[in-house]
Every structure is written in C-alpha cells, then in structure tokens.
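Student: Input: one structure, supplied below.
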Amino acid sequence: DQSHKARVVIAIDRAKHLIGTSVQSMEQEEMLRRAIWLSCLNAKEYPFEAFDGLVACERAQFYRYKNQFLNDVKNLLGI
C-alpha cells in the first residue's frame with residue numbers, strides 16, 4: 001500500500017514523461033518538460049513568455065501541453 005504522497009509523486013513523474021513526446025529532439029522535449037513544470041509550480045513567474053523562443057512550440061500549444069500534463073496527473077491518480 002502506497003501513501004497518498006507517494007502516489008502523487010509517481011503520477012507527476014509519469015505525466016512529466018508524457019509531455020512533448022511529439023517534439024522532434026530529446027533536448028527540446030526536456031526543455032519543454034522543464035518549462036511546463038516550472039509553469040505549474042509558479043504560473044505568474046513562469047508563463048509561456050518566459051520560455052518563448054526556448055521551447056519548440058507556440059503559446060497555444062504550450063498551454064495545451066500544460067493542460068494535458070495536469071489532466072494526465074489527475075487521471076493517473078484516478079480523480
């Protein structure tokens with residue numbers, strides 16, 4: 001039996017690995033993952049504009065990736 005905290009950490013880790021799988025390079029994929037994660041931690045400090053030109057997507061796609069990440073976490077937790 002896993003604690004709730006452990007289940008959350010596992011869900012976040014799994015969902016992170018699903019971010020940007022359609023991006024061309026592993027380097028771009030990893031940058032996108034970091035950007036999405038930072039944006040989730042502090043959206044005011046790290047909106048898309050903080051990463052514009054650094055991530056391999058436009059603003060709308062960035063937020064689609066972010067929303068999908070949050071939904072993946074939710075689904076992995078069975079919420």
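The values are calculated or read from the model by the stated rules, or taken from the named source; none is laboratory data. If you're wondering where the values come from, they're calculated on a predicted model, not measured in any experiment. Quick reminder, even Gly has a Cβ in these numbers, built from the backbone with ideal geometry, and neighbours come from all protein chains shown. Areas reflect the complete protein model, heavy atoms only, side chains present, ligands, DNA and RNA absent. Shrake-Rupley method; radii C 1.70, N 1.55, O 1.52, S 1.80 Å.
Student: Residues of region 57-74 being touching a Phe, Trp or Tyr at 6+ places or on another chain (Cβ under 9 Å), assigned to a helix (DSSP H, G or I) and open to solvent by less than 50 Å² (accessible area, probe 1.4 Å), which ones?
Tutor: Within region 57-74, F62, K66, F69 qualify.
Student: Are any of the residues in region 9-29 assigned to a helix (DSSP H, G or I), at pLDDT 95 or above and farther than 17 Å from L70 by Cα?
Tutor: Checked against the condition, which is being assigned to a helix (DSSP H, G or I), at pLDDT 95 or above and farther than 17 Å from L70 by Cα, region 9-29 yields no hits at all.
Student: Here's something else I'd like to know. Hey, among the residues in region 30-51 that are among the aliphatic types (A, V, I, L, M) and part of a helix (DSSP H, G or I), which one's most open to solvent (accessible area, probe 1.4 Å)?
Tutor: Just the residues of region 30-51 that are among the aliphatic types (A, V, I, L, M), to begin with: 31-32, 35-36, 38, 41, 43, 50.
Then drop every residue that is not part of a helix (DSSP H, G or I), which leaves 31-32, 35-36, 38, 41, 50.
On the way: M31: 50, L32: 3, A35: 0, I36: 0, L38: 59, L41: 110, A50: 48 Å².
Within region 30-51, the match that is most open to solvent (accessible area, probe 1.4 Å) is L41.
Student: Still on this structure: For L54, indicate whether it is in contact (Cβ under 8 Å) with a residue 12 or more places away in the chain, closer than 21 Å to K74 by Cα and open to solvent by 80 Å² or more (accessible area, probe 1.4 Å).
Tutor: Numbers: in contact (Cβ under 8 Å) with a residue 12 or more places away in the chain: yes; closer than 21 Å to K74 by Cα: no; open to solvent by 80 Å² or more (accessible area, probe 1.4 Å): yes.
Considered against the rule, which asks whether it is in contact (Cβ under 8 Å) with a residue 12 or more places away in the chain, closer than 21 Å to K74 by Cα and open to solvent by 80 Å² or more (accessible area, probe 1.4 Å), L54 comes out as no.
Student: In region 25-69, how many residues are within 12 Å of the chain's Cα centre (by Cα) and acidic (D, E)?
Tutor: Residues in region 25-69 being within 12 Å of the chain's Cα centre (by Cα) and acidic (D, E): 2 in total.
Student: If I ask for residues that are more than 13 Å from D72 (Cβ to Cβ) and either exposed (fewer than 10 other Cβ atoms within 10 Å of the Cβ) or without any contact (Cβ under 8 Å) to a residue 12 or more places away in the chain (or both), which ones from region 1-24 would you list?
Tutor: Correct list: D1, Q2, S3, H4, K5, A6, V9, S22, Q24.
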